1. Collect the residues in segment 156-205 that are among the basic types (Lys, Arg) and assigned to a loop (DSSP other than H, G, I, E, B), keeping them in residue-number order.
2. Please count how many residues of segment 180-200 are in contact (Cβ under 8 Å) with a residue 12 or more places away in the chain and either open to solvent by 40 Å² or more (accessible area, probe 1.4 Å) or among the aliphatic types (A, V, I, L, M) (or both).
3. Sort out which residues of segment 176-202 are at pLDDT 95 or above, of a type outside the set (A, V, I, L, M) and within 30 Å of Gly59 (Cβ to Cβ), and write them in order of number.
4. Filter segment 216-255 down to residues that are among the hydroxyl-bearing types (Ser, Thr, Tyr) and out of contact with any Ser or Thr (no Cβ under 8 Å at 6 or more places or on another chain) and give me whichever is surrounded by the fewest Cβ atoms within 10 Å (Cβ to Cβ).
5. I need the full set of residues from segment 45-63 which are in contact with a Phe, Trp or Tyr (Cβ under 8 Å, 6 or more places away or on another chain) and surrounded by fewer than 16 Cβ atoms within 10 Å (Cβ to Cβ), in order please.
6. What residue, among those in segment 12-44 that are hydrophobic (A, V, I, L, M, F, W, C) and surrounded by fewer than 16 Cβ atoms within 10 Å (Cβ to Cβ), is farthest from Val60 (Cα to Cα)?
7. Going through Phe282, Phe256 one at a time, which residue ends up being within 28 Å of the chain's Cα centre (by Cα) and modelled with pLDDT under 95?
8. Here are the criteria: (1) in a helix (DSSP H, G or I); (2) touching a Lys or Arg at 6+ places or on another chain (Cβ under 8 Å); (3) surrounded by fewer than 16 Cβ atoms within 10 Å (Cβ to Cβ). Tell me which single one Trp140 does not satisfy.
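The values are calculated or read from the model by the stated rules, or taken from the named source; none is laboratory data. As the structure is a computational prediction, the values presented were derived from the model and not from experiment. Glycine also receives a Cβ, built like all others from the backbone with ideal geometry; neighbour counts cover every protein chain displayed. Side chains are part of the model used for accessible areas, which takes the heavy atoms of the whole protein and leaves out ligands, DNA and RNA. Shrake-Rupley method; radii C 1.70, N 1.55, O 1.52, S 1.80 Å.
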Amino acid sequence: TYTIFDAEDPIVTAQQCFDDLLIPPDHPGRAPSDTYYVTDTSLLRTHTSAHQSQHLRSGVDAFLCCGDVYRRDEIDATHYPAFHQMEGVKLMSTESMIGADGLNEEQWLQSPECQLIEADLKATLEGLMDHLFGPTEKRWNDDFFPFTQPSYELEIYHNDEWMEVLGCGVIHEQVLHLSNRSDRRGWAFGLGLERLAMILFKIPDIRLFWTEDERFHRQFKEGQIVEFQPYSKFPPVFKDIAFWTNDESTANQDDFVENDFFDVVRSTAGDLVEKIELIDSFTHPKTGRSSRCYRISYRSMDRNLTNEEIDGLQFKVRDETATLGCELR
């Protein structure tokens, strides 16, 4: 039986989100360019794994943790700064792990007990995929996460292509130690709920999950998997923006952070931004200055956009981009 947690505060400490999960201080996921910090030591959780240690410390042996998570990321049909994850954790019985006592790391990874956890994890997740998608071909790939060892990625063969659906692994011994559960062993997995829903319901754009349009919401009922029926396909409006990311005094040194630019565009134009792609970049051979040109695709899910409207937004984007220290071209 799994205990369900789905109402935790999304503001967590860096200790919860990173340190308790062995994510090193220099990991890119901890940088302000990737994470929304509230203070120097608190942040909007980047994954539901941020609650793993607190629930393990409380004595729960098996749980599912669901919630909204936040990341600064690229802008396209599959990425959004807020989305939802589900974390699953299960500790094995002490009786089944007696043989693991006193093993070093190498011995543990080769032990029957570690293989037992791996087999239970894979059987559980393969069963979940069959429940969601029907019997489907699956494959496991070795992966790396700081908080599990060994770690795996699960892919399924769906609609004539292989798709990654989740990451998982055997909980790292040090994570259990930091959670005051050194006497136990177990597994953990994490998956993106929007990602699975987009596959199951054939939803083409993650922004649709945030729409208030009833033409979207009335297509779905609890407990039923139906294919999304597009109710509109308004044309996109494309606008390019080019800028220098450094000046001659800092030639050959470029501190431009792409996610800062994405945040500026998203903050200015909101969900009208469908996609941003880099279409050109170069370094001037004489001055050493670096230039980038991005194409911004604007598209509304429920109405036509006018050039006049988007021109106004584009001017605001240009003004805000200049605040990043960029020189517009």
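1. Within segment 156-205, Arg181, Arg184, Arg185, Lys202 qualify.
2. Our first condition is that a residue be in contact (Cβ under 8 Å) with a residue 12 or more places away in the chain; within segment 180-200, this holds for 180-181, 183-200.
Among the residues that remain, those that are also either open to solvent by 40 Å² or more (accessible area, probe 1.4 Å) or among the aliphatic types (A, V, I, L, M) (or both) are: 180, 183, 188, 191, 193, 195-200.
So the answer is 11.
3. Of everything in segment 176-202, those that are at pLDDT 95 or above, of a type outside the set (A, V, I, L, M) and within 30 Å of Gly59 (Cβ to Cβ) turn out to be His177, Ser179, Asn180, Arg181, Arg184, Arg185, Gly186, Trp187, Phe189, Gly190, Gly192.
4. Start the filter on segment 216-255 by keeping residues that are among the hydroxyl-bearing types (Ser, Thr, Tyr), which leaves 231-232, 245, 249-250.
Within this subset, residues satisfying the condition of being out of contact with any Ser or Thr (no Cβ under 8 Å at 6 or more places or on another chain) are 231-232, 249-250.
Numbers: Tyr231: 13, Ser232: 12, Ser249: 6, Thr250: 14.
Result: Ser249.
5. Answer for segment 45-63, where residues must be in contact with a Phe, Trp or Tyr (Cβ under 8 Å, 6 or more places away or on another chain) and surrounded by fewer than 16 Cβ atoms within 10 Å (Cβ to Cβ): just Ala62.
6. We begin by selecting, within segment 12-44, every residue hydrophobic (A, V, I, L, M, F, W, C); these are 12, 14, 17-18, 21-23, 31, 38, 43-44.
Still in the running and surrounded by fewer than 16 Cβ atoms within 10 Å (Cβ to Cβ): 31, 38.
Numbers: Ala31: 31, Val38: 29 Å.
Checked segment 12-44; the qualifying residue farthest from Val60 (Cα to Cα) is Ala31.
7. Values: Phe282 fails: within 28 Å of the chain's Cα centre (by Cα).
After applying the criteria, what remains is Phe256.
8. (1)
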